[in-house]
4 protein chains.
Amino acid sequence: MRELGIGLIGTGFMGRAHALAFRNVSAAFELPFTIRLAALADANPTRAQACAQAWGFEQAYADWQHLIDDPKVDLIAITTPNHLHYPMAMAAIAAGKPVYCEKPLSVSLEQANAMHLAARNAGLVTRVGYNYQHNPIIGLARELILSGELGEIVSFQGEFSEDFMADPASPWSWRCEAGHAGGALADLGSHLLAMARYLLGEVEAVCAQLQTVHGQRPATAGSQELRAIAVDDQVHALLRFTRGASGTFSSSWLKHGYKNHLSFEISGTRGTLSFDQERLNELRLCRVGQEGFQRLLAGPNLPGYAAFSPAAGHQLGYNELKTLEVHELIMALAGQGQTGTDFEQAFEVERLATAIRLAAREERWVKVSEV
Amino acid sequence: MRELGIGLIGTGFMGRAHALAFRNVSAAFELPFTIRLAALADANPTRAQACAQAWGFEQAYADWQHLIDDPKVDLIAITTPNHLHYPMAMAAIAAGKPVYCEKPLSVSLEQANAMHLAARNAGLVTRVGYNYQHNPIIGLARELILSGELGEIVSFQGEFSEDFMADPASPWSWRCEAGHAGGALADLGSHLLAMARYLLGEVEAVCAQLQTVHGQRPATAGSQELRAIAVDDQVHALLRFTRGASGTFSSSWLKHGYKNHLSFEISGTRGTLSFDQERLNELRLCRVGQEGFQRLLAGPNLPGYAAFSPAAGHQLGYNELKTLEVHELIMALAGQGQTGTDFEQAFEVERLATAIRLAAREERWVKVSEV
Amino acid sequence: MRELGIGLIGTGFMGRAHALAFRNVSAAFELPFTIRLAALADANPTRAQACAQAWGFEQAYADWQHLIDDPKVDLIAITTPNHLHYPMAMAAIAAGKPVYCEKPLSVSLEQANAMHLAARNAGLVTRVGYNYQHNPIIGLARELILSGELGEIVSFQGEFSEDFMADPASPWSWRCEAGHAGGALADLGSHLLAMARYLLGEVEAVCAQLQTVHGQRPATAGSQELRAIAVDDQVHALLRFTRGASGTFSSSWLKHGYKNHLSFEISGTRGTLSFDQERLNELRLCRVGQEGFQRLLAGPNLPGYAAFSPAAGHQLGYNELKTLEVHELIMALAGQGQTGTDFEQAFEVERLATAIRLAAREERWVKVSEV
Amino acid sequence: MRELGIGLIGTGFMGRAHALAFRNVSAAFELPFTIRLAALADANPTRAQACAQAWGFEQAYADWQHLIDDPKVDLIAITTPNHLHYPMAMAAIAAGKPVYCEKPLSVSLEQANAMHLAARNAGLVTRVGYNYQHNPIIGLARELILSGELGEIVSFQGEFSEDFMADPASPWSWRCEAGHAGGALADLGSHLLAMARYLLGEVEAVCAQLQTVHGQRPATAGSQELRAIAVDDQVHALLRFTRGASGTFSSSWLKHGYKNHLSFEISGTRGTLSFDQERLNELRLCRVGQEGFQRLLAGPNLPGYAAFSPAAGHQLGYNELKTLEVHELIMALAGQGQTGTDFEQAFEVERLATAIRLAAREERWVKVSEV
């Protein structure tokens, strides 16, 4: 069996999530490759070294280009801040290596476009970390929709809200910069846009309003110095899907009470389903003729779930969604492509977010094809 | 103590709800009037007679004009189909009698305007049956908002969905006619628009999309004959409030699983609250600094609740919201006006609904002041 | 149509609830009698007078015996503190008048026994106010059980907890006296015991533990004087039903967070249902073969609900359960007896509570037939 | 840094869960050992080999004694059917190696006693897989209890129910044999007994009723041959804790609708908390003075959670509870003992289960010290 050498760039929250996923995937699934944790890069060489040892990577690099050039490395995983996605992914593509990049794809639509075209021209498999799609119960939701079991889909209502910027004393960070794909829409909303497209297909047109609630934040935690903030704290939009459904979309990073409220409700002529990432193992479903909503708990009837547990109700965690994402990527590398979000789809997500911003700025409906 | 003679027109669902409310209000509250159930009108004289006896009205009329003219009648309550609101209310006003009319106020913005101007010119107290506002826990929500306890309000997300038209075999009725204030927006959505205005004040501008999902319905239950339907089955809109908040608004009468899902979530810089009419005695609330949402159950700390029960958790029902509405109306008649929706406010609700329809038709943002 | 003259004793919380119910019942139902609010008694003549006027009773009495003797009064409704139930009910029975008494039936098993025997000997209709049984959704639960739709019932788990005595500074009241049917078991638990028997039939044997958590309470609110408390603050018990099911029973009046948590879960070989009075319009149900629990909302398919609303999801309130109870009583007076709890059944509830106390005291299983 | 060689026996559901946990623990935590996946044993040599490769173990054994004897193996993890726990653990102890054994500890109280005495005499660290205790939010619950924040604890109500034996056609398995620690009490209930002791300390006395609902089951799936079943399908018990609280305990493996319903509610004089393993990242809490229950979502303020995610609401899964359990074990091996359940505590859990069985058989209260 061929080896697949993993090269991981970044050692933050998402770096570790990737490392855990690559370590777990072969215990959870039969794979067409032997996974080799070949190399880990972090600009800080001490941290690179320490994490490589803790997470089981053979080699540590301070320079990510060296990791890309390492012949043991077959796949490049990028988990750095957003503005580094572009140079790293382009270098990986130039080196002829498939790329697995965290979301959002980049910090501008132009970059995203260049990235997906470069990958297409190079004929390389790419994936972007919209991990919530890999939840087995989301797979069930998609199947209910695509099979027609919910009838013609007529409505989508989605929201992704958290509260981590609710405190006006929460300081500035790169997430507060438009040039770094900051703001609630890019940081959180893009997950929900990707999800909406994953479940219901393309969005044709949008109308939107964005708001910056706290126009200034401390430069650093506790600092008296204030920095002006230009990115959106919250967004509300209307969506019109190509297949006919219409709906609403909201995102906020300052909504008290929510921690990971990626939620949606989708209704069709034969049923309604709803989901909330804060209870990621559950789906609420009402089929035509049923007396009321029922709560479905994920179980081993769902393939991705069975990989981790033979018993319903045992529940998957966030990190296992990442393992499922990595599994799909590995299968795609073996030519057994499935449903993951590649650079082209991720570019379309960025395009949709750009259309939302334009619609808000110009206070009008915008066709996604305009941007 | 002066008597207040009630004249009720209509004996359907809402007619009985009014009758129950007028019967109960003096047992629940100390009132400035003695309530006298003076007269009941229904076009069908047998039914008028039977209901008058069952509900305790002294006199039955088949002709509503006679009821209005009856000197024992001091207050006219109108619970007939929407297209009759206008002639009845105008006749009552002409007779110098205050009017309590079911929602929506009328079947056209012109009528609504004429009604509120006539009432204003006559200096008469009027009320429209947006009963959900009279829920004591809604009163608490409003107080939390107006007192500033939730900080600056930045977001509103509201939905009123039911499923009573979900079945494509649900037949045509007058509710399916635009000329009778039919469609999901007028029939259900107007409740939510009134609620949004009640809680957050005026809406400045809207953008919207309406959809007719089932373009034909049987002329009558089980009939082969189909009638074309032009009114909306669902609506999604963006709202921009004058005080600065923005948000979404949805309504559907064909969403499987919902029976009375008038729901909203309102967030401010110091907290979030949410409500669902399907659990009308509860409020979910997260104040700044709290660990998570808490569930508040209505109790006798809320004045309207205490009128019915001295113990928390005993729960009010739909009909008691009507009694609370009637109580507010009676106090207004005694010059102790409170917060009920009068013809002018109800006209503003219609205006907002009209703006939503215009925004959908012309696919653009519409200022409410345009219509 | 014959008149039915109502004589109501007591003007507290339950007095008003009875008054509202008698006022509403003829608007909600077609009745075999014309209801006449004949007389109201309260030891305080001013209060008797004021309440009679507010609630629409023709006559006020300070002496309840006069009310019983009044020939206009056909039915005696008793809503006084528990220790007065016995003399009042016995006097009513002696006068040959049917009795509708609040729960618990009396303050000792001997009294309860005497009351039910007297009523039986007199051949009089009696009812006791276990109003939670009259919830239409409880009717549905009972039907699901009795029809066999849940298979053989194997388990019952019930709890009735509130928090109104949770504060150790909550003062002594007559509810703290064993001789007045005080304590969590008598005050709250008896409702749940009645419910268990209503749904699953007789209990054969019990085992239990009672606890007095706060052995002293202020004599009055804010007082320094402490009074010793002997009654139970909480009870836990095992129940063995004659038909074969087994289960648990708990009650507390000092459990933080609960306001009216009369709840139970019943499971059989073909399904599970659960209910919580804090959401009285809902039933959770999982039938064999279903994917998960579904939430049923009360609607007009349930007869008692339809009397108040033609639309699902509008929700009944606590007071309407009382109206439903009164309706059942009135039908029983017309010989169309249904399922209400009469003095004999209420005596059996007391017997069961007595067995629980004995089992706790002697730390052993007790057959209900022992007491 | 010293190596810790892991020897894992068993390749079923729990075998894989252990393997995942040992693989993950060093990525999630800084450890005092380097973890080495030294050996894996399964009676089927082909399966042993395949799993060893997939899960990253260096060596495969068909004979578990060889694994115990392997000098690379420092710790013995046992995940085989219950009747094998005794010989394997005793052999490991004889070899002077610490043991990590799945629950329940053994198939008889005598065996459990011998195991814990042998481990104590040998001075070896032992742990038993009561993994639900390692949930960070359970840690929070325990802290709320032990710190006195909930006041004096007065009540415990617990249930662990699933539905995997609800179908009478679910066939016999070793779990249906008393001699293999079968039945709902041993299989599920032991988890809840361990949890109750973990949170509230020792149980002094019990009273109980056990039921076998389906006295026969097919010998194998679909077979006509029936086997008699003697173990309990459900159990209900009363518990009296040494520290003063009282409560109820229930377990069933045939309760429709539940998949992993290990749930409890604990109340004290200053608050109530409740938990349900089907939503393992949540705690419902009402502190004295709060308006209602609030929902707490696990977040990185809880140490065990922070090891996996820096953001609240991302949710841990079942397998991560196992990783947390393994972490605690490893720390104990380094002399930094914490709160895990060792053989002595696990023996006490068995003793408690034995007391429950005795109480049910003899229909009386049983002191745990009797058995």
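Take D:MET115, B:MET90 and sort them by solvent-accessible surface of the protein heavy atoms, 1.4 Å probe, largest at the top. Please report the intermediate quantities before stating the final value.
Working: D:MET115 0, B:MET90 50 Å².
Largest accessible area first, the residues go B:MET90, D:MET115.
Considering only protein heavy atoms, with the full assembly of protein chains and a 1.4 angstrom probe, order A:TYR258, C:TYR61 by accessible area, largest first.
These residues rank, largest area first, as C:TYR61, A:TYR258.
For chain B, what does the helix formula give at 222 nm: sum of -39500 (n - 2.57) over DSSP H segments with n ≥ 4, over the residue count, nearest 500 deg cm²/dmol?
Numbers: 10 runs with 119 residues, N = 371.
The helix contribution divided over chain B gives -10000 deg cm²/dmol.
How well do other chains shield peptide D:287-300, expressed as the mean number of their Cβ atoms within 10 Å of each residue Cβ? Before the final figure, lay out the partial values.
Details: counts 2, 5, 2, 5, 10, 16, 9, 11, 9, 4, 9, 1, 4, 0.
Taking all residues of D:287-300 together, the mean is 6.
For C:GLY148, go 7 angstrom from Cα along the Cα-to-Cβ vector, then report the distances to that same point in the other copies in nm, smallest first.
Label point to label point, same position, other copies: 3.9, 5.9, 6.8 nm.
What does the average come to when, for each residue of peptide D:6-13, you count the partner chain Cβ atoms lying within 10 Å of its Cβ? It would help to have the intermediate numbers written out before the result.
Numbers: counts 0, 0, 0, 0, 0, 0, 1, 4.
That average works out to 1.
With the label 7 angstrom out along Cα to Cβ, how close does B:SER369 come to the same site in each of the other copies, in nm, nearest first?
Listed shortest first, these distances are 3.7, 8.3, 8.4 nm.
Please figure out what share of the DSSP beta bridges in chain D is antiparallel and state it in percent, rounded to the nearest 5.
Numbers: 42 of 69 bridges.
For chain D, the DSSP antiparallel bridge percentage is about 60.
Select from the range B:127-172 all residues whose loss of accessible area on going from the chain by itself to the full protein assembly reaches 40 Å² or more (probe 1.4 Å).
Residues losing area: B:VAL154, B:GLN157.
Find the relative contact order for the range B:3-131 and round it to a whole percent, using C-alpha pairs within less than 8 Å whose residues are 6+ positions apart.
Computed over the range B:3-131, the figure is 23 percent.
Using a label position 7 Å from Cα in the Cα→Cβ direction, what is the ascending list of nm distances from B:GLY244 to the same site in the other copies?
4.3, 5.1, 6.7
So for C:LEU8, C:LEU124, what's the accessible-area order with a 1.4 Å probe, most first?
Working: C:LEU8 0, C:LEU124 35 Å².
Highest to lowest solvent-accessible surface, that is C:LEU124, C:LEU8.
Please identify which residues in the range B:80-124 have an amide N closer than 17 Å to a label point set 7 Å out from the Cα of B:GLN65, following the Cα→Cβ vector.
Inside the label zone: B:84-97.
So if each residue of separation counts as 0.36 nm, and I subtract the Cα-Cα distance between B:SER108 and B:ALA95, what length gain in nm does that give? Mind dumping the intermediate values first?
Values: separation 13, 0.36 × 13 = 4.68 nm, distance 2.28 nm.
Gain on extension, B:SER108 to B:ALA95, equals 2.4 nm.
Students often get this wrong, so check it: of B:LYS322/C:LYS97; C:LYS255/D:LYS367; D:LYS72/D:LYS322; C:LYS103/D:LYS259; B:LYS72/C:LYS97, which have C-alpha atoms separated by over 29 Å? If you can, show how the numbers build up before the last one.
Working: B:LYS322/C:LYS97 36 Å; C:LYS255/D:LYS367 27 Å; D:LYS72/D:LYS322 23 Å; C:LYS103/D:LYS259 39 Å; B:LYS72/C:LYS97 39 Å.
Among B:LYS322/C:LYS97; C:LYS255/D:LYS367; D:LYS72/D:LYS322; C:LYS103/D:LYS259; B:LYS72/C:LYS97, the Cα-Cα distance tops 29 Å for B:LYS322/C:LYS97; C:LYS103/D:LYS259; B:LYS72/C:LYS97.
Can you pull the one-decimal nm distance between simple spin-label points at B:LEU146 and B:THR34, each 7 Å off the Cα toward Cβ?
If labels sit at B:LEU146 and B:THR34, their model points lie 3.4 nm apart.
Quote to one decimal, in nm, the extra length available between D:TRP174 and D:MET1 on full extension: 0.36 nm per residue of separation minus the C-alpha distance between them.
On the way: separation 173, 0.36 × 173 = 62.28 nm, distance 4.26 nm.
Stretched out fully, the D:TRP174 to D:MET1 stretch lengthens by 58.0 nm.
Where along chain A is the Cβ that lies nearest the axis linking it to chain C, and how many Å separate them?
A:GLN294, 2
Considering every residue in B:265-273, what mean count of other chain Cβ atoms within 10 Å of its Cβ is obtained? Kindly include the intermediate steps, with their values, before the conclusion.
Details: counts 6, 0, 11, 5, 8, 2, 4, 9, 2.
Rounded to a whole number, the mean comes out at 5.
Would you be so kind as to identify all helices of chain A, as entire DSSP H runs, whose Cα atoms reach 24 Å or more along the helix's own axis and whose mean Kyte-Doolittle hydropathy is at least -0.5? Walk me through the numbers before you get to the answer.
Numbers: long enough: A:343-362 (28 Å, -0.04).
The answer, listed by residue number, is A:343-362.
The values are calculated or read from the model by the stated rules, or taken from the named source; none is laboratory data. What you see is a predicted model; the values in this text were computed from it and never measured. Backbone-built Cβ (ideal geometry, glycine too); neighbour counts: all protein chains shown. Side chains included, ligands, DNA and RNA excluded: accessible areas come from the protein's heavy atoms. Shrake-Rupley method; radii C 1.70, N 1.55, O 1.52, S 1.80 Å.
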